[in-house]
Amino acid sequence: MTSKKLTINNPTGIHARPATELVKLANRFSCNLQLINHSNGKVADPKSIFSLLSTAIKAGSSVELKAEGLDEAKAVEQIAEFIDSLEE
Amino acid sequence: MVIHGISAFAGMVVGKASLVPSMPLLDQDQRTNLDLEVAKQKVHEAISKLNIQIEEWKKRASDQKLKTDMLDMQQTILNDSAYWQQIVAYLKEKFSPEAAALRAAQKHAKILEELGDPLLSERAQDMNDIGMRLACQITGLPYPDISMLNSDAILVSDFLSPSSLSAADTTHIKGIILHKGSVTSHTAILASGLGIPTIVGCEGVENIKSNETVFLNATGGFAICDLSEDDKKSYVDKAEVYNKKQKTLMKFTNEKVYTSDGIRISTVCNIMDARMADQALQYGSDGIGLFRTEFLYMGKEHLPSEEEQFACYKSVVQKFNGLPVIIRTMDIGGDKNVKCLKLGSEQNAFLGYRAIRICLDQPDLFRTQLRAILRASAYGNLKIMFPMISDTAEVIKAKGILKQAEQELDKKGVKYNRNIPIGIMIETPAAAILADHFSNLVDFFSIGSNDLTQYTLAVDRTNQKVAPLYHSLSPGVLRLIANTIRCANYAGIECSVCGEMAGDPIAIPILLGLGLKKFSVNPSRLLLLKRLISLVDLETAKKLAEEGLKLSTAKEVEKLIRDHLQPEYRLWI
């Protein structure tokens with residue numbers, strides 16, 4: 001398993017547009033993914049927009065990304081990079 | 001007949017009403033005896049067909065990013081694994097395919113709505129929208145479609161889904177009148193992105209008849225139907241005059257502003273969030289004169305963290321790409337209460353525990369905000385401003401706490417602007433009278449004319465009974481403003497006005513005459529401000545100001561200014 005801790009920096013958190021992009025990206029990988037929102041303890045599946053939005057990830061939240069599967073290292077690297085680059 | 005609503009995007013237009021029918025009624029309790037695999041296949045096929053359709057719409061809208069983003073998100077919802085699993089779960093319970101599609105979408109929408117975040121509740125609408133589209137696709141029932149609109153129209157509907165608007169040929173849509181919807185709904189955001197005059201939340205839309213001529217005044221937030229021939233003519237004229245004026249104003253969007261005799265005046269905006277910052281940019285603001293940060297604190301269960309504030313300030317300062325952004329530390333108290341601070345109510349809130357007084361009393365709270373601002377200062381041209389100052393000791397104390405915040409960042413090795421400019425609001429009479437002393441302590445002033453007026457005249461600006469006594473043009477207020485500007489100019493520091501007065505057409509000439517070089521207004525008033533300043537001759541304004549300061553009442557001052565306005569200037573009042 002690969003995991004990485006991240007902070008959500010964009011002021012509106014993971015809302016509609018970033019969530020859409022994130023889901024598209026996550027679905028490119030075959031590994032199982034989990035995004036844990038440490039602010040409220042909820043766990044999201046980054047491959048599902050329903051799951052992601054209902055985890056209510058706000059600005060300043062610390063989250064942990066976990067991946068398990070063949071392409072886990074690559075998945076964590078690319079998704080972490082995406083989350084860090086969010087600006088709006 | 002007048003139909004009142006809420007303005008989602010300003011504009012004025014006369015046009016033919018095109019009634020968009022409501023959604024077909026589908027029975028979401030309908031059961032079926034279909035074999036599970038057959039039912040799944042049926043939904044699966046409908047999803048594939050809808051995907052093809054959405055791809056086509058995306059192609060058609062490929063030059064409009066807002067539309068393609070929206071369609072992209074809806075497509076992601078349509079193909080979501082959690083959505084599919086929920087549909088299958090309902091199919092197993094023997095619900096019909098269309099009922100399962102609707103129910104599954106509603107179930108997820110409800111989860112989002114219950115989180116209580118207005119942004120997410122709006123996304124719940126998108127989910128229901130997709131459920132409805134899918135159900136229509138499964139049953140073959142028509143989904144209310146405006147993609148085939150072939151002549152100019154004002155759309156009138158109970159509710160217009162974001163996806164139908166995304167799919168439409170929007171060049172024919174001249175206005176939108178909706179019974180349901182809020183200004184933050186996706187439909188409203190889309191309409192405003194497309195520049196379509198729109199009002200939402202309108203009672204009485206059912207009174208509008210198909211194809212009748214309607215006057216939509218989205219700027220004023222209302223529409224008028226059932227018009228006589230004379231009405232029609234006068235409203236067409238009215239809309240034309242309005243649109244001509246708007247066009248003239250739009251020319252000022254990217255213009256730097258000079259008085260008619262060529263003196264450069266800086267025009268900036270007051271904002272409270274990133275969305276207003278975008279508006280300010282759109283109208284060509286020279287920067288931000290007042291970023292009201294208290295709105296980060298209001299209506300929340302918890303105080304905003306340093307990270308949350310940092311992210312917000314950073315995003316705003318980056319948008320302005322080197323232009324100055326003045327962040328005012330939280331101005332809580334008075335008429336702005338914050339639940340999570342548990343301040344309690346006060347007999348005399350405006351004279352009480354508010355703004356800098358809270359911050360100096362609770363330095364931990366203050367330092368959290370200061371650290372966030374300092375960190376954001378590494379990303380652009382940021383300045384700090386302290387509100388409600390009445391004593392020089394407060395400035396010295398606030399600077400001391402800022403120093404501590406800097407040291408805290410130094411310990412962590414965090415970068416920030418070590419010479420961040422510090423300014424104060426001039427909004428108490430004491431600060432205005434002692435402006436010479438304050439000018440030695442800070443890098444800039446910003447005159448908060450709303451509070452300065454209420455404190456100088458001892459008139460509570462939230463009390464309707466004394467409202468007629470509230471007048472910013474009172475010579476008592478003007479002399480304080482004059483002293484403040486004079487002291488700032490003498491000390492060589494910047495001075496601006498950021499209250500309502502800065503955007504008041506009657507006050508603008510006298511403020512210019514008093515030597516003001518910077519005006520800060522709400523984004524919606526920026527273009528008019530630019531237009532008006534460009535019509536003022538500074539030498540004439542100086543004489544006007546001299547005269548005005550000698551008068552004894554606000555009424556006399558107003559008359560003096562009105563008598564000296566040029567005809568061209570009067571057109572804009």
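Readers should treat all values here as calculations from the given coordinates under stated rules, not as data from a laboratory. Source: prediction; values computed, not measured. Positions of Cβ are backbone-derived with ideal geometry, glycine not excepted, and every protein chain shown enters the neighbour counts.
Regarding A:Ser54, is this residue within 9 Å of chain B (Cβ to nearest Cβ), more than 10 Å from the chain's Cα centre (by Cα) and surrounded by fewer than 23 Cβ atoms within 10 Å (Cβ to Cβ)? Yes.
Residue-by-condition table, conditions (1) surrounded by fewer than 21 Cβ atoms within 10 Å (Cβ to Cβ); (2) in a helix (DSSP H, G or I):
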{"residue": "B:Arg367", "(1), (2)": "yes, yes"}
{"residue": "B:Arg371", "(1), (2)": "no, yes"}
{"residue": "B:Ser377", "(1), (2)": "no, yes"}
{"residue": "B:Met385", "(1), (2)": "no, no"}
{"residue": "B:Met388", "(1), (2)": "no, no"}
{"residue": "B:Gln407", "(1), (2)": "yes, yes"}
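Quick grid of which residues meet (1) out of contact with any Leu (no Cβ under 6 Å at 6 or more places or on another chain); (2) crowded, with 24+ Cβ neighbours inside 10 Å; (3) more than 28 Å from B:Glu98 (Cα to Cα):
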| position | (1), (2), (3) |
| --- | --- |
| B:Asn128 | yes, no, no |
| B:Gly131 | no, yes, no |
| B:Ile138 | yes, yes, no |
| B:Pro142 | yes, no, no |
| B:Asp145 | yes, no, no |
| B:Asn150 | yes, no, yes |
| B:Thr170 | no, no, yes |
| B:Lys174 | yes, no, yes |
| B:Lys180 | yes, no, no |
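Residues in segment B:335-363 that are within 24 Å of the chain's Cα centre (by Cα), surrounded by 15 or more Cβ atoms within 10 Å (Cβ to Cβ) and touching a residue at least 40 places away in the same chain (Cβ under 8 Å): B:Lys336, B:Val338.
Being away from every other protein chain (no Cβ under 12 Å), among the polar types (S, T, N, Q), buried (at least 21 other Cβ atoms within 10 Å of the Cβ) and within 21 Å of B:Ala46 (Cα to Cα) is a property that does not hold for B:Ser157. Of the candidates B:Ser18, B:Ser48, B:Ser22, the single residue that is under 30 Å from B:Phe222 (Cβ atoms) and not in a strand (DSSP E or B) is B:Ser22.
Scanning segment B:52-82 for residues that are touching a residue at least 24 places away in the same chain (Cβ under 8 Å), within 14 Å of chain A (Cβ to nearest Cβ) and assigned to a helix (DSSP H, G or I) returns B:Ile54, B:Leu66, B:Lys67, B:Met70, B:Leu71, B:Met73, B:Gln74, B:Gln75, B:Ile77, B:Leu78, B:Ala82. No other residue among B:Pro509, B:Pro505 is within 30 Å of B:Tyr242 (Cα to Cα), touching a residue at least 12 places away in the same chain (Cβ under 8 Å) and not in a loop (DSSP other than H, G, I, E, B) apart from B:Pro509. Look at (1) assigned to a helix (DSSP H, G or I); (2) touching a residue at least 60 places away in the same chain (Cβ under 8 Å) and you find that B:Glu546 fails only one, number (2).
For segment B:1-29, which positions are closer than 20 Å to B:Thr139 by Cα and surrounded by fewer than 15 Cβ atoms within 10 Å (Cβ to Cβ)? The answer is B:Pro21, B:Ser22, B:Pro24, B:Leu25, B:Asp27, B:Asp29. Of the residues examined, A:Asn27 is one that is within 26 Å of B:Asp72 (Cβ to Cβ), at the interface with chain B (Cβ under 9 Å from one of its Cβ atoms) and either touching a Pro at 6+ places or on another chain (Cβ under 6 Å) or surrounded by fewer than 21 Cβ atoms within 10 Å (Cβ to Cβ) (or both). Taking the conditions exactly as written (at positive phi and surrounded by fewer than 23 Cβ atoms within 10 Å (Cβ to Cβ)), does B:Gly476 satisfy them or not? So B:Gly476 does not fit the description; no.
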